[in-house]
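So the structure is just underneath, and the comments pick up after that.
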Amino acid sequence: MSQKKLNVKDLINIGLFTALYFICYFTAGMTGFIPIMMLLLPFLIGLVGGIPIMLFLTKVPKLGALSIMGIIVLFLMFFMGHPWMILAFGIPVVVIGDWIASRGNYKNWYLLVTGYTIFSLWPLGAMYPLIFMKDAYLKSLEAGYGTEYTSALGSLFNGAVIPFIVIGGIIGSILGAYLGKAVLKKHFKRAGMAQ
């Protein structure tokens with residue numbers, strides 16, 4: 001596996017693609033104002049993030065680049081008001097996803113998909129409060145979202161839906177990776193990425 005270090009051009013690309021990915025995430029995240037869509041966010045984020053992440057991996061196929069991008073996004077989410085659990089869960093997840101993608105030198109398609117799928121599970125960290133401190137978390141949301149929204153979200157979210165949220169995130173990420181590959185076919189050929 002290549003051990004190339006990140007250079008200035010790579011860091012610029014990390015910044016540009018982080019902004020692009022964040023816009024995709026934020027657009028998908030806006031649907032969360034509808035309670036049922038909160039449960040579908042991992043699916044949507046995995047789906048819409050596929051194009052920018054797959055293009056990013058053809059431009060900066062180096063260990064650490066995807067981790068840096070993911071960590072920046074996680075800190076942005078934390079500073080925008082998400083609970084600390086998003087960092088505790090998300091940072092290991094994005095680093096592991098990057099490491100898996102690097103095992104094939106960012107050219108093995110199946111490792112790229114697997115790495116991206118793991119990477120894309122970071123939004124589950126934002127749902128931890130709904131799992132472990134549901135009542136207190138819903139109460140804290142009430143001031144900004146209103147009683148009707150928090151009641152609807154509380155009634156939708158229970159232990160039984162957690163596996164479906166995780167499976168949805170996995171499916172969305174796999175579909176997003178294949179969507180990215182389809183849209184960016186010429187970039188994949190140029191980068192010599194295996195099928």
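Over the chain, DSSP H runs of length four or greater, each weighted -39,500 (n - 2.57), average out per residue to a 222 nm ellipticity of -25500 deg cm²/dmol.
Under 8 Å for C-alpha pairs, at least 6 residues apart: give me the relative contact order for the chain, rounded to a whole percent. With pairs under 8 Å counted, the relative contact order is 31 percent.
Considering only Met85, Met69, Met133, the mean-square fluctuation computed in a Gaussian network model of the chain, springs between alpha carbons under 10 angstrom, is largest for Met133. Considering only the Cα atoms of segment 4-43, their convex hull presents on average a projected area of 3.5 nm². Lysine pair count for segment 8-191 (Cα-Cα distance under 26 Å; residues 8 or more apart in sequence or on different chains): 22. For Asn108, the amide hydrogen comes within under 5 Å of the amide hydrogens of Ala194, counting only partners 5 or more places away or on other chains and with H modelled in the peptide plane.
Sorting Glu142, Glu148 from the fewest to the most surrounding beta carbons within 10 angstrom yields Glu148, Glu142.
No lab work stands behind these numbers, since they all come straight from the coordinates. Predicted, not measured: the structure shown is a model, and the values here were computed from it. Glycine also receives a Cβ, built like all others from the backbone with ideal geometry; neighbour counts cover every protein chain displayed.
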